[in-house]
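Asker: Starting off with a structure, shown below.
The values are calculated or read from the model by the stated rules, or taken from the named source; none is laboratory data. Bear in mind the structure is a predicted one, so any value in this text is a computation, not a measurement. Every residue, glycine as well, gets a Cβ built from its backbone with ideal geometry; the counts of neighbours run over all protein chains shown. Only protein heavy atoms, including side chains, enter the accessible area calculation; ligands, DNA and RNA are left aside. Shrake-Rupley method; radii C 1.70, N 1.55, O 1.52, S 1.80 Å.
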Amino acid sequence: MSTTETPAPGIGPVEGESLYTVDNPAPLIEAPRQRTKKTPKSTRGNFEMAAWLFMRLSGIVLVVLVIGHLLIQLVLDGGVSKIGFAFVAGRWASPFWQVWDLLMLWLAMLHGANGLRTVINDYAERADTRLWLKGLLYTATVFTILLGTLVIFTFDPNIR
Amino acid sequence: MATPVLDKVEAEAAESPYITVTFRIRRFNPEVSADAVWEDFHLEIDPKERVLDGLHKIKWDLDGTLTFRRSCAHGICGSDAMRINGKNRLACKTLIKDINPEKPITVEPIKGLTVLKDLVVDMEPFFQAYRDVMPFLITKDTNEPTRERLQSSEDRERFDDTTKCILCAACTSSCPVFWNDGQYFGPAAIVNAHRFIFDSRDEAAEQRLEILNDRDGVWRCRTTFNCTDACPRGIEVTKAIAEVKKALITRRY
Ligand code: HEM
Ligand code: SF4
Ligand code: FES
């Protein structure tokens, strides 16, 4: 402390050396993120509500579809050993199983994708990171849904 | 019948209730260092005293630069929520004997809000979310308080739990969704919206529901129950949030 001023009575000298002066001020603590005029106004709408409801409703349907799927594929009638081209071809000959698998594909993919969207929103902190991760997620989801749908509809049991 | 010897031993034990407790405090002073550091203080203290008494002892007798908020010291004002042994609590409602004084007691500022100094955080984003839900009575025609607004005891009971909030921010700052980017309204704002949404005298429930239907509103809640665990008033916070979600769905469809 280079000051020679005598402090007012009752006030002792400041303990320790201060790192900062008028020319070298203490670091500014960034203002926390607030809802300012710049933050988008259109953050309301029923999308988040629909997504929330969809997670629960698709979950209920998935319980039936997925458990049924696992039973048929892995447990009943000889378990995994029976699965082969012929087994898949046999099942997809029936429109019932086509619809079952199509529904399972769409619901599981949309449910999983929306779940991961939530995870990204909850964990990615920077706007850039979010954008990239979601871009990757949506691309993968659309690709998988389209490819799966294409296969279910164009499956040819006589393929060589 | 106790023997005289035992009496004496007991009396001696009763004479000195003091034990040595280590307070491990997260210190931060932007004028000294950009980093926060842990600092240990050793105190002789009666374990039946509260963490707040320990902090007072440190501030008054050991290190006057220790900075924290407190006002009422009796669990009413909500200014001394802090993270004690990793859990959000009011320092004035936490007895030292209840949080294992054998080990160092860690005291940190609540998470998710900017630390200004030591245990003091910037509460502005928290109060911003609170103001956003319009936490005051709104009526359509008669705004002047001309006479008492009557209500049946059942109607009062409907939102009784959420009237107990003291705005300490223990819940909001325990929520992992709030930690992420601080944009989520947070449990406390929803609790205080709930207090009016389910009040039969209030007429702006629809507006408040619309506000909480936001991208960063109730739908970001992941039902982790951290808020219910943290609330020093014992409010069933997660349940209140669920009731708001339910109202949003049932009032529309
Ligand atoms: C078997 C029946 C299923 C049920 C009942 C179910 C139910 C749910 C529910 C209710 C949520 C929302 C949780 C929340 O909002 O906090 C959820 C989240 C999620 N689900 Fe499912 N689900 C099922 C199957 C699946 C499948 C097959 C997948 C993968 C394709 C999946 C992937 C996810 C993911 C990634 C999340 C996000 C996790 C999170 O929010 O923490 N789920 N599930
Ligand atoms: S709900 Fe409980 S924890 Fe949250 S601000 Fe109110 S009193 Fe504090
Ligand atoms: S000091 Fe008022 S609530 Fe603890």
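Asker: Can you report the number of residues in the stretch A:124-137 which are in contact with a helix residue (DSSP H, G or I) (Cβ under 7 Å, 6 or more places away or on another chain) and either open to solvent by 30 Å² or more (accessible area, probe 1.4 Å) or at pLDDT 95 or above (or both)?
Answerer: The total comes to 5.
Asker: If residue B:107 meets every condition in (1) within 16 Å of ligand 1 (Cβ to nearest atom); (2) crowded, with 17+ Cβ neighbours inside 10 Å apart from one, which number is that one?
Answerer: All conditions are met except number (1).
Asker: Out of all the residues in the stretch B:54-79, which are at positive phi and loosely packed, with under 12 Cβ neighbours inside 10 Å?
Answerer: none
Asker: Let me ask something additional. Considering every residue within the stretch A:41-57, establish whether at least one is facing chain B (nearest Cβ under 10 Å), at pLDDT 90 or above, in contact with a Leu (Cβ under 7 Å, 6 or more places away or on another chain) and part of a helix (DSSP H, G or I).
Answerer: Within the stretch A:41-57 (the criterion being facing chain B (nearest Cβ under 10 Å), at pLDDT 90 or above, in contact with a Leu (Cβ under 7 Å, 6 or more places away or on another chain) and part of a helix (DSSP H, G or I)), the answer is yes, since at least one residue qualifies.
Asker: Please find, within the stretch B:98-138, the residue that is nearest to residue B:180 (Cα to Cα) out of those that are part of a helix (DSSP H, G or I) and of a type in the set (A, V, I, L, M).
Answerer: Among residues in the stretch B:98-138 that are part of a helix (DSSP H, G or I) and of a type in the set (A, V, I, L, M), the one nearest to residue B:180 (Cα to Cα) is B:129.
Asker: From (1) within 20 Å of the chain's Cα centre (by Cα); (2) at pLDDT 90 or above, pick out the condition that doesn't hold for residue B:182.
Answerer: For residue B:182, the exception is condition (2).
Asker: Against the condition of a type outside the set (Gly, Ala, Ser), assigned to a helix (DSSP H, G or I), over 21 Å from the mean Cα position of the chain (by Cα) and surrounded by fewer than 13 Cβ atoms within 10 Å (Cβ to Cβ), how does residue A:143 come out, does it pass?
Answerer: It is false that residue A:143 is of a type outside the set (Gly, Ala, Ser), assigned to a helix (DSSP H, G or I), over 21 Å from the mean Cα position of the chain (by Cα) and surrounded by fewer than 13 Cβ atoms within 10 Å (Cβ to Cβ).
Asker: Has the stretch B:149-165 got any residue that is aromatic (Phe, Trp, Tyr) and within 16 Å of ligand 1 (Cβ to nearest atom)?
Answerer: No, the stretch B:149-165 contains no residue that is aromatic (Phe, Trp, Tyr) and within 16 Å of ligand 1 (Cβ to nearest atom).
Asker: Being open to solvent by less than 20 Å² (accessible area, probe 1.4 Å), of a type outside the set (Phe, Trp, Tyr) and within 14 Å of another protein chain (Cβ to nearest Cβ) is the requirement here; does residue B:115 meet it?
Answerer: Considered against the rule, which asks whether it is open to solvent by less than 20 Å² (accessible area, probe 1.4 Å), of a type outside the set (Phe, Trp, Tyr) and within 14 Å of another protein chain (Cβ to nearest Cβ), residue B:115 comes out as no.
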